[in-house]
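To start, the structure itself, in structure tokens.
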Amino acid sequence: MACCEQNCSHTDVDIPIVYTECLFQNQAGQCLKLHKAFKLHGHGDPQNTIQDKETGEFKHFADSEGLVGVFVYILEHKLKWVVAWSNIPGKPDKVYTQILEMKEGIDLVKIKFQLDFSGNQSCDNKLGYFAEAIISSHTDIKPTMKATLKPADPALV
């Protein structure tokens, strides 16, 4: 007979649920469509489309190693918007963003390398657009990652 079927006592242990609250803000003037979702560690379901002036939200839950995600959205066949983050227990939370031309491939090794050396915020400014990503905490098990894509300020191009 198993221990719990007998009248033995045991202590309940609260195991924290580790996740990142992901917010993708579309201020680009056109619809964003999910191109690729690389869930290197963890699981979650991002929105397939994010209309202009809307925010796509989802929770990315950790697996046994934490969580690392790389998500790529396409803006009307003009560009690819890459957003990557990591939330690994015992390590600082990190985020990385990049704007790519449509013809450019997605190099996960390069993105992972950039993510490893990034901090809690990242930005890119090219092809007439500005991308920014911020993760709210360096050590929280439930940080918020907010990424925004918008037209670049003409004075900064």
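Things worth noting here:
- Chymotrypsin sites (Phe, Trp or Tyr not before Pro) within region 66-157: DSSP coil, no more than 15 neighbouring Cβ in 10 Å: F117
- When each of K103/K150; K112/K146; K59/K80; K53/K91; K78/K110; K59/K103 is checked by Cα-Cα distance, pairs over 28 Å: K53/K91; K59/K103
- The trypsin sites (Lys or Arg not before Pro) of region 49-95 that meet both conditions, a loop assignment by DSSP and at most 11 other Cβ atoms within 10 Å of the site Cβ, are K53.
- Vicinal HN-Hα couplings computed from phi for region 32-46 (Karplus, 6.51 cos²θ - 1.76 cosθ + 1.60; Hz; Gly/Pro x): 9, 10, 5, 9, 8, 10, 9, 9, 5, 9, x, 8, x, 10, x
- Rh by Kirkwood over Cα pairs, then Stokes-Einstein D for the chain at 1.567 mPa s and 4 °C, µm²/s: 78
- Taken per residue, the accessible surface of the chain reaches 56 Å², heavy atoms only and a 1.4 Å probe.
- Nonlocal amide H pairs with Q47, under 5 Å, H built at 1.01 Å: E57
The values are calculated or read from the model by the stated rules, or taken from the named source; none is laboratory data. Bear in mind the structure is a predicted one, so any value in this text is a computation, not a measurement. FYI the Cβ positions are ideal-geometry reconstructions off the backbone, even for glycines, and counts take in every protein chain you see. Each accessible area value is taken on the protein alone, full model and side chains, heavy atoms only, with ligands, DNA and RNA left out. Shrake-Rupley method; radii C 1.70, N 1.55, O 1.52, S 1.80 Å.
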